[in-house]
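Visitor: Handing you a structure now.
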Protein chains: 2
Amino acid sequence: MKLQLAIDELTLTEALEVLKDIHPYIDIVEVGTPFLIDAGREAVRQIKATYPQLEVLCDAKIMDAGAYEAQLAYDAGADYVTVLGITDDLTIKGCVEQAQKQVRQVMVDLICVENFAKRVPIIEAFGVDIIAVHTGADQQQAGRTPLEDLKELKQYTKDVQVAVAGGINAETIGDYVALDPDIVIVGSGILKADDPVAAAKEMKAALN
Amino acid sequence: MKLQLAIDELTLTEALEVLKDIHPYIDIVEVGTPFLIDAGREAVRQIKATYPQLEVLCDAKIMDAGAYEAQLAYDAGADYVTVLGITDDLTIKGCVEQAQKQVRQVMVDLICVENFAKRVPIIEAFGVDIIAVHTGADQQQAGRTPLEDLKELKQYTKDVQVAVAGGINAETIGDYVALDPDIVIVGSGILKADDPVAAAKEMKAALN
């Protein structure tokens, strides 16, 4: 089970500073969508160059031009790129084709996908590497969590890896681990903790 | 009727070079999604600083964290930011609230929205400024155009402005102009023309 640190609201300078102490406790560094808007794929490039032993995920949330946008992320050094599950099949297929060319991985983000029973088997059949349930920040404000979504997702997947994101913290991580996802994605639960390094260490320990 | 130039596949240096000759013929410069992934919001900042007389749109295709991501774009100087019509209502509302705070505009991109009759009136009621029909690049490859979508959109809008994007070029622009959109968005139709400046000039003339 891998721990993915989602960096959303930091500058590239701040992110590199935070990673100095946290990097031993995480497996994947996520350049989150707002971070990507702020810094562009240079963030992926610098994080990968600084921590080649870590995997880097570019949370581009691709909605169109799948092959082209995936290539932008992979060329910068990303091991994973995200594409939205609600988008056109052609876009997801484009990402998968590009990933296969560059020997990288595609994570599909199910944010706002309503019918898992219908959509998940179609997405898995495209050959994606990971399917992630994700309760967005705006939905979290409305009190939702991704726990039920993770349970439901696991009913419809066969061999694809599964990830979960959306407000997971030290108090709740055990509930998610019990459902045996392949990747647990944590952002604020680490970065906004009183002691981010201790929080990362605790989260990592909870996964083992 | 405004002409929006979508810049998708250029570097920031190339974009600034292209704009030197094209800027007199366009109203809005779009920092397209792949361009944003490549260069981050620095692209918005530099284009707005160089051409303060033009409007700049940041095609962030916001899917979550509406207020936060819209602010990133507006703070960099964007006059418009895009949010996806298929996303959560809370995210669109977050963008609108942020736009009102900063006196900027929100464009909703209907890419992959299937039921216009149901979704368009809801989106308009949130107080967005523009609703755009958009045939994605991957869908264009499959032979689709946004012409029928524009006709359909206009049946369901009241006062909101309307935009159209998706493979429009010098041969087809007349068909779109006949439907009287407020903004016509052109990318490859200008940037991949044999003579981009002549193409921009011709497109602009077609709108008047």
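The values are calculated or read from the model by the stated rules, or taken from the named source; none is laboratory data. What you see is a predicted model, and the numbers here were worked out from it, not measured in a lab. With ideal geometry, Cβ positions are generated from the backbone for all residues, glycine too; neighbour counts draw on all protein chains shown.
Visitor: Within the stretch A:53-64, is there a residue that is more than 8 Å from chain B (Cβ to nearest Cβ), closer than 18 Å to B:Cys112 by Cα and either within 18 Å of the chain's Cα centre (by Cα) or of a type in the set (Gly, Ala, Ser) (or both)?
Guide: yes
Visitor: If you don't mind, there's one more thing I want to ask. Within the stretch B:135-182, work out how many residues are within 14 Å of chain A (Cβ to nearest Cβ) and of a type in the set (Gly, Ala, Ser).
Guide: Adding up the residues that qualify gives 7.
Visitor: Let me ask something additional. Any chance you could count how many residues in the stretch B:162-208 are surrounded by 20 or more Cβ atoms within 10 Å (Cβ to Cβ) and part of a strand (DSSP E or B)?
Guide: Within the stretch B:162-208, residues that are surrounded by 20 or more Cβ atoms within 10 Å (Cβ to Cβ) and part of a strand (DSSP E or B) number 7.
Visitor: Among the candidates B:Lys20, B:Lys101, B:Lys93, which residue alone is within 12 Å of chain A (Cβ to nearest Cβ), surrounded by fewer than 24 Cβ atoms within 10 Å (Cβ to Cβ) and part of a helix (DSSP H, G or I)?
Guide: Of the residues listed, the single one that is within 12 Å of chain A (Cβ to nearest Cβ), surrounded by fewer than 24 Cβ atoms within 10 Å (Cβ to Cβ) and part of a helix (DSSP H, G or I) is B:Lys93.
Visitor: Hey, another quick one. Can you tell me which residue is farthest from B:Ile123 (Cα to Cα) among those in the stretch B:78-90 that are aliphatic (A, V, I, L, M) and facing chain A (nearest Cβ under 10 Å)?
Guide: Only one residue tops the list, namely B:Val81.
Visitor: Give the residues of the stretch A:27-52 that are away from every other protein chain (no Cβ under 13 Å), under 20 Å from A:Val184 (Cβ atoms) and over 13 Å from the mean Cα position of the chain (by Cα), sorted by residue number.
Guide: A:Ile47, A:Tyr51
Visitor: Are there any pairs with C-beta distances below 7 angstrom linking a residue in the stretch A:16-39 that is at pLDDT 95 or above to a residue that is among the polar types (S, T, N, Q) and part of a helix (DSSP H, G or I), with the two at least 6 apart or on different chains, and if so which?
Guide: A:Leu16/A:Gln46; A:Leu16/A:Thr50
Visitor: In the list B:Tyr68, B:Tyr51, which residue meets the criterion of being surrounded by fewer than 22 Cβ atoms within 10 Å (Cβ to Cβ) and closer than 24 Å to B:Glu202 by Cβ?
Guide: Of B:Tyr68, B:Tyr51, the one residue that is surrounded by fewer than 22 Cβ atoms within 10 Å (Cβ to Cβ) and closer than 24 Å to B:Glu202 by Cβ is B:Tyr51.
The rows are residues; the columns are (1) in a helix (DSSP H, G or I); (2) among the β-branched types (Val, Ile, Thr).
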| position | (1), (2) |
| --- | --- |
| B:Leu16 | yes, no |
| B:Pro24 | yes, no |
| B:Val29 | no, yes |
| B:Asp38 | yes, no |
| B:Pro52 | no, no |
| B:Leu57 | no, no |
| B:Ala60 | no, no |
| B:Ala70 | yes, no |
| B:Ala73 | yes, no |
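Visitor: From the list B:Leu84, B:Leu72, B:Leu110, exactly one residue is of a type outside the set (Phe, Trp, Tyr) and touching a residue at least 40 places away in the same chain (Cβ under 8 Å). Which is it?
Guide: After ruling out the rest, the residue left standing is B:Leu110.
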